[in-house]
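Below is one structure, written out as C-alpha cells, with a few remarks after it.
All of the numbers you see were taken from the coordinates with simple rules; none came from a lab. From a predicted model like this one, the values you see are computed outputs, not experimental measurements. Cβ sites come from the backbone with ideal geometry, for glycine too, and all protein chains shown count toward neighbours.
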Amino acid sequence: MKSVGEAMAIGRTFKESLQKCLRSLEIGRSGLGGDGKPWRIGTEVYGDRDILPRDVISRKLSVPNAERIFFIRHALRAGFTIEEIFNLTKIDRWFLVQIKEIVDFEEELAGAKNWERVAKDLESDKVLP
C-alpha cells in the first residue's frame, strides 16, 4: 500500500522532526535545503544556494502547494522577514521562527572556514537551540 501525501517523523524538537519528515518524502531532497540539488521553476533552473527572485518566491508562498515549505527557506535566504512570510502564508510565526533557525544554521555552515571547529561543535550538541 502506498502512502498518499503523508509523512511522519518523531524527534526531540520540531526542527529535528521537520528535517526527518522532509527527508522521508522520497522526492530526492535531504531536508529543507542545502543539499546542492538544483531547483526547477517553470523553465528556469536555479542552484541550491542561488537567491531566487522575490516575485517568484512570493507567488510560490501565497498559494498552498507541496513545495511551499521549501520556498519558506528561499524567502528567508532572500531577506523576507517572518512577518512578510506570515502575511503570505498565514503559517504561525512560531513555526516560521523554527524554520528560520534551521536556515540560519545552514548559512553558518555554508560560510564556515574552520571545519574542525564546526565538527567539534556538532559533536558537543552546541549547534541548534
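Name the most mobile residue of Ala110, Ala119, Ala75, meaning the one with the largest mean-square fluctuation, in a Gaussian network model of the chain with Cα contacts below 10 Å.
Result for the chain, Cα springs under 10 Å: Ala119 fluctuates most.
Can you compute 3J(HN,Hα) from phi for each residue in region 82-87, using the Karplus curve 6.51 cos²θ - 1.76 cosθ + 1.60 with θ = phi - 60°, rounded to whole Hz and x for Gly and Pro?
For region 82-87, the Karplus curve yields 4, 5, 4, 5, 4, 5 Hz.
Comparing Lys90, Lys60, Lys15, which has the greatest mean-square fluctuation in the GNM of the chain with Cα pairs linked when under 10 Å apart?
Maximum fluctuation in the GNM of the chain, among the listed residues, is at Lys90.
Sum -39500 (n - 2.57) across every DSSP H segment of at least 4 residues in the chain, then divide by the residue count to get the 222 nm mean residue ellipticity, nearest 500.
-15000 deg cm²/dmol
Net charge near Val63: determine it from the other residues with C-beta under 14 Å of the C-beta of Val63, scoring Lys and Arg +1 and Asp and Glu -1.
My count for the surroundings of Val63 gives +2.
Based on the Cα atoms of the chain, what semi-axes does the equivalent ellipsoid have, where each is the square root of 5 times one gyration tensor eigenvalue, given in whole Å with the largest first?
23, 19, 16
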